[in-house]
Every structure is written in C-alpha cells, then in structure tokens.
Amino acid sequence: GPGQAEMYAGLQELGVANGEDLKETLTNCTEPLKAIEQFQTENGVLLPSLQYALPFLDLHGTPRLEFHQSVFDELREKLLERVSAIALEGKVEERYKKLEDLLEKSFSLVKMPSIQPVVMCVMKHLPKVPEKKLKLVMADKDLYKACAVEVKRQIWQDNQALFGDEVSPLLKQYILEKENILFSNDISFLQNFFSPSPKTRRQGEVVQKLTQMIGKNVKLYDMVLQFLRTLFLRTRNVHYCTLRAELLMSLHDLEISEICTVDPCHKFTWCLDACIREKFVDNKRARELQGFLDGVKKGQEQVLGDLSMILCDPFAINTLALSTIRHLQDLVGQDTLPRESPDLLLLLRMLSLGQGAWDMIDSQVFKEPKMEAELITRFLPLLMSFVVDDHTFTVDQKLPSEEKGPIPYPSTIPEAFTKFLQENRIACEIGLYYILHITKQRNKNAFLRLLPALVDTFSDLAFSDIFLHLLTGNLTLLSDEFALEEFCTSLFDGFFLTACSRKENVHRHVLRLLLHLHHKVAPAKLESLQKALEPTKQVGRENSVKELYNQLSEKLELRKPSPAEVTETPSMELPLPTVPTPASR
C-alpha cells in the first residue's frame with residue numbers, strides 16, 4: 001500500500017535497496033531464481049562466516065526473515081546503547097556534532113517502525129533539535145505522539161497553543177478530583193479535604209505529570225503559571241491557587257534550582273508549606289513570612305500578585321484561619337486585646353492578601369489591601385466575648401444552684417456580628433471557622449446561637465463547598481442531637497433549606513449529610529425533609545442531586561417496616577361498621 005512505500009522511501013536516499021528495487025530486478029530479468037540469489041548476496045548481512053550458517057538455518061526451517069529480524073533487533077539495541085553513550089562522552093560540542101550527523105543520516109527513515117526508536121533516541125539526547133526537524137515532527141500526529149518528552153518540550157516552548165492543548169485536560173482533571181473530594185459520600189470529622197499532607201498531595205497524578213512536562217524549562221513553567229492565573233481569573237476557582245503552590249513545591253522536592261531560584265515566591269511558599277503541614281503558623285515562621293512581605297521592594301510589587309495567589313490556596317487559608325482561632329483563645333486567657341498581638345495582626349494581613357488575590361490580579365493594582373480597623377477593634381473582641389460566654393456558662397453549670405434556678409445559655413446574637421459576616425470578607429471567613437471550631441467541640445448551644453447568622457453571609461461564603469464539606473463532617477460529632485425536633489428545625493429549615501432551591505451544591509451537601517445520618521433523625525422530621533429535598537422537574541436525568549436523592553430514598557425504603565410486620569398482631573375486636581366521617585377537611 002501507499003503507507004509501505006512512504007515508510008521505506010527513505011532507504012533509497014541512503015542507497016539501500018528496498019522492495020521496489022527487487023520488483024524492478026525481477027521484472028527485467030530472464031532467470032528469476034538467479035536474480036533473487038544475487039539480490040540476497042548483495043543486500044544480505046556481509047559476514048563471510050554466514051555463507052555456511054544460513055543454509056543450515058534453512059534446514060531447520062527458520063525463515064530468513066526471522067533470522068534477519070533477530071540480527072536487526074540485536075543491532076538496534078546496540079545502536080540505542082551507543083547513542084545514549086555518545087550523549088555522555090567527550091566534549092559537549094563534539095558529542096552533539098556526532099548526534100546531529102546521526103540524525104541527518106537517519107531522519108529519512110523515521111517512518112519505519114523498526115528504525116523509529118533510534119531516530120527518537122537521537123533527538124531525545126539533543127538539547128537543540130534542528131528547527132526543520134521539529135517542524136516535520138509537529139506536522140505529523142504519529143511522530144509527535146512517538147516523541148520523547150525532551151523533544152516535545154522543545155516544540156512546546158515556541159507553541160503555546162499546542163502546549164495549552166496538552167495541559168488543559170490535566171487542569172480539568174485536577175479541578176474534578178478536588179470537587180469529588182468535597183462531595184465525597186464519606187463524611188467524617190477525622191478525615192476531610194484538608195487531611196492529606198502537602199507532600200502527599202504533590203504525589204497526585206496531575207502535579208506529577210505537569211512536573212514531568214515542565215522538566216527544567218523555565219519558559220514552560222511560566223506558561224503553566226499563566227494558564228493558572230487566566231483560569232483563576234475566568235472562574236474564580238481557588239483550586240487553581242492550590243495547584244500553583246503544589247507545582248512549585250513539587251519542583252522544589254526535585255531540587256530543580258533552574259526554576260526555583262527564578263520564582264520569587266519560592267522561599268515564601270516553602271515556609272508557608274511547612275506551616276500548612278503543621279496546620280499552624282508558629283512564631284518563628286510568622287517572623288519569616290513577615291520578612292518576605294516586608295521585603296517586597298519598590299518596583300517589584302508585582303510579586304504581590306503571585307504571593308496573594310499562593311495565600312489564596314484553600315490549604316493556606318485553612319491554616320491561617322485555624323491559627324487565628326487559636327490565637328484568639330490564647331488572648332482570652334491572657335486578657336490581651338487583638339490589637340496588642342503582632343502575631344494575630346500578621347495572620348490577618350496574610351488572610352486579607354489571600355482573600356484579595358482575585359481583585360489584585362484582575363485590577364493589576366499590586367498593593368496590599370488595607371486592613372479595616374473595625375475588624376480588629378470590634379469584630380475580634382466580639383468573637384472573644386463568645387469564648388468568654390462559653391466559659392461563664394460552663395462555670396455556672398458547675399456552681400451549686402440556689403433559688404435563682406439554672407442560668408440559660410445566651411440565645412441572642414449581637415447585631416454587629418451578623419453585620420460583619422455580611423459585609424466583611426475576612427470577618428466572615430474567621431466567623432465561619434469559629435463556628436466550625438465550636439461544632440468540633442460539640443458545643444450545641446453556641447452552634448445554635450450563631451447558626452442564624454449564616455443564612456446571609458459575604459458573597460454566600462457559608463454556602464461554599466469547602467465550608468459545607470467541613471461543617472457536615474463536624475456535625476457528625478453532634479449526631480445524637482438530630483433526634484431532637486428543635487435542633488433539626490434550626491439546622492435544616494433555618495439554614496440549609498433556605499438555599500437549597502437556588503444553590504444546587506447546598507442541595508447536594510444536605511443529601512450527603514442525610515445519607516450519613518438519616519438513622520439518627522426523628523422519623524416525622526425525616527419524612528418532611530424527604531419531601532422538601534425532592535429534586536424539581538427541571539433537573540436533568542444525569543444529575544448528581546437526583547442520584548443522591550435516589551440513594552437516600554432507597555435507604556429510607558429499606559428502613560420502613562414491611563406491611564407484614566405491621567399487621568402481625570391479630571386484632572381481637574370485631575370490625576366496626578364503617579361510618580362515613582363528616583367532611584371536616
């Protein structure tokens with residue numbers, strides 16, 4: 001076929017006879033058998049000792065093709081070894097000259113499956129494959145596919161669109177993996193989205209593949225960062241910020257100094273990575289991080305855009321927020337005000353830099369967001385007063401009660417708290433983490449007191465996937481409360497159901513929670529929830545809400561006693577005549 005002709009076309013250029021030549025010889029000769037013998041002699045393996053060995057192989061029924069094939073395979077292995085050796089020996093210019101000559105000679109045979117590996121091996125060892133050859137490879141899908149990543153890097157660095165096509169499916173896969181964890185049906189307060197260590201996360205398939213594609217190539221690294229920035233701007237999806245940090249730290253793990261030394265965020269990210277590993281920013285590292293922020297020089301403010309993206313990584317935010325809550329508790333014990341704690345102020349500074357990432361990259365105005373004084377002078381003291389309320393209540397419970405009766409838990413929320421959660425992003429983030437904290441402590445009173453403030457928060461943060469993922473996990477610690485009507489009404493009717501119809505993700509999280517805890521919920525409440533959570537008709541067939549709802553319905557079906565069980569006790573009374581009831585309805 002035409003493929004064959006094309007495949008062996010290169011042989012003639014090299015003065016090697018091919019099938020076409022044999023055909024020509026046979027067409028123009030009088031004694032075909034003699035001609036074949038002569039062709040075999042001229043084009044066979046030129047070893048005198050073979051003259052006698054080949055007829056011997058013929059006797060054993062070994063086809064000549066098989067023999068030539070095995071000789072060929074052996075030679076090819078030797079050649080591949082030799083190419084790899086040349087790539088390491090002698091003076092740099094000389095070895096590359098040898099390889100370039102070899103490439104020149106062999107490239108015309110690149111379509112021959114048997115020779116292709118050799119040509120590919122030569123190219124792989126050339127730091128700069130001639131432009132012309134790269135263009136030929138790029139123009140041919142199969143050749144491009146067969147190329148070593150070392151050669152592809154040379155193609156990609158001047159073809160951003162082609163590189164984008166390769167990277168894009170990996171980025172989609174990465175985001176999907178993150179979302180699958182957030183919506184996973186395994187709900188637990190022990191294992192959550194933030195449990196895996198940074199080192200473990202960097203072993204993920206996508207990070208490893210991207211690291212491999214980039215190699216030591218700064219240009220490709222910059223392109224990937226550019227893709228991540230663009231996608232973050234387009235989608236506001238914070239998982240791209242996680243990937244930005246993971247990629248840098250993956251190159252750091254491999255000690256690729258060519259890239260790490262030119263990324264101005266390297267040392268900051270490395271230090272923050274250690275904090276994320278400990279889920280806490282200790283004083284020594286706080287000083288270090290502050291040094292980096294204070295060290296941003298005039299004219300280099302653009303680095304703030306990158307630092308803000310590193311700080312916008314949910315794993316960073318999680319660490320900063322947990323550290324903030326811990327600091328606030330310590331301050332209550334020390335009787336110190338938030339504004340008197342430099343460590344706390346640094347945490348807030350980093351939180352607001354992280355939370356401001358999107359605006360900064362979007363506006364291209366690179367300066368640190370201004371911290372609102374009210375956050376420090378009013379909001380944080382408010383949170384501290386909640387901590388104090390809890391202490392007081394606990395102590396009161398332990399005191400012998402006189403006539404006054406038990407002191408009720410404070411049930412109202414200061415209006416200022418609700419307002420802060422609506423209007424201030426940092427306050428809202430810290431407020432949500434405080435609520436996660438009291439849930440984890442199984443503090444039902446405090447939880448029910450603050451829950452109403454979550455219905456309307458800054459840009460709906462209380463209905464974001466990460467918060468709901470953590471909240472559902474922590475709520476498993478309060479599972480016994482689900483038997484109480486009042487608790488369920490506050491949690492479901494008062495919070496979740498207010499957003500279910502407008503936010504599909506909230507619908508999914510409630511169903512996840514019920515799939516996990518349905519056996520704890522009072523039957524009457526469960527029934528009304530099942531009605532309220534039924535997906536609307538508009539919902540497509542292949543929908544995750546529908547799927548979860550069906551899973552829940554199946555579970556509840558299994559729980560219902562079967563009709564046989566209900567009618568087991570025979571009734572002794574005589575059946576009463578049925579009297580039509582007055583139509584009171």
Quiz item: In the full protein assembly as shown, how much of Ser544 is accessible to a 1.4 Å probe, in Å² to the nearest 10?
Solution: 40
Quiz item: Once you put a point 7 Å from the Cα of Ser553 and another 7 Å from the Cα of Ser197, both along the Cβ direction, what distance in nm separates them?
Solution: 4.6
Self-check item: Label-point gap, in nm, between Thr489 and Glu77 - each point 7 angstrom along Cα→Cβ
Solution: 8.1
Quiz prompt | Per-residue SASA entry for Phe183, accessible area with 1.4 Å probe, Å² rounded to 10 | solution = 30
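May I ask you to rank His391, His252 by accessible area, largest first, using a 1.4 Å probe over the protein chains only?
Values: His391 110, His252 35 Å².
Largest accessible area first, the residues go His391, His252.
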Exercise. Please list, or write none, the aspartates and glutamates whose alpha carbon is within less than 13 Å of the alpha carbon of Lys546, excluding same-chain residues fewer than 8 places away.
Key: Glu504, Glu534, Glu554
Practice problem: Please list Glu301, Glu486 in order of solvent-accessible area, largest first, computed with a 1.4 Å probe with all protein chains present. | Solution: Glu486, Glu301
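Say R0 is 30 Å: what FRET efficiency, to the nearest 0.05, do Leu345 and Gln226 get from their beta-carbon distance?
Numbers: r = 33 Å, r/R0 = 1.11.
Working from the Cβ atoms, E equals 0.35.
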Self-check item: For a label point 7 Å along the Cα-to-beta-carbon line of Leu162, residues of segment 112-131 with backbone N under 17 Å
Solution: 120-121, 123-131
Practice problem: Enumerate the residues in segment 264-300 having an amide nitrogen under 11 Å from the point lying 7 Å beyond the Cα of Val218 toward its Cβ. | Solution: 264
Quiz item: Roughly speaking, what is the stretch gain from His519 to Phe280, that is 0.36 nm per residue apart minus the C-alpha to C-alpha distance, in nm to one decimal?
Solution: 82.4 nm
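Find how much the distance from Ser459 to Lys97 grows on full extension, using 0.36 nm per residue of separation minus their present alpha carbon separation; answer in nm with one decimal.
Values: separation 362, 0.36 × 362 = 130.32 nm, distance 6.17 nm.
Full-extension gain reported as 124.2 nm.
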Quiz item: Leu233 to Glu177: FRET efficiency via 1/(1 + (r/R0)^6), r the Cβ-Cβ distance, R0 30 Å, to the nearest 0.05?
Solution: 0.90
Self-check item: Virtual spin-label span in nm between Glu255 and Leu33, 7 Å along Cα→Cβ
Solution: 7.0
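Which pairs, out of Lys419/Lys444; Lys124/Lys172; Lys111/Lys152; Lys78/Lys105; Lys23/Lys132; Lys145/Lys209, put more than 25 Å between their alpha-carbon atoms?
Going by Cα-Cα distance, Lys124/Lys172; Lys23/Lys132 fall outside the 25 Å limit.
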Practice problem: Could you pull the Cα extents of segment 111-249 along its three principal axes, largest to smallest, in whole Å? | Solution: 58, 32, 23
Self-check item: Of the trypsin sites (Lys or Arg not before Pro) in segment 425-526, those whose Cβ has at most 11 other Cβ within 10 Å and which sit in DSSP loop
Solution: Arg502
Self-check item: Modelled FRET efficiency - R0 25 Å, Arg502 with Ile413, Cβ distances, 0.05 increments
Solution: 0.60
Quiz item: Roughly speaking, what is the stretch gain from Ser528 to Lys145, that is 0.36 nm per residue apart minus the C-alpha to C-alpha distance, in nm to one decimal?
Solution: 132.2 nm
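The values are calculated or read from the model by the stated rules, or taken from the named source; none is laboratory data. Keep in mind that this is a model prediction, so the values were computed, not measured. Note that each Cβ is placed from the backbone with ideal geometry, even for glycine, and that neighbours are counted across all protein chains shown. Note: accessible area is taken over every heavy atom of the protein model, side chains too, but ligands, DNA and RNA are not part of it. Shrake-Rupley method; radii C 1.70, N 1.55, O 1.52, S 1.80 Å.
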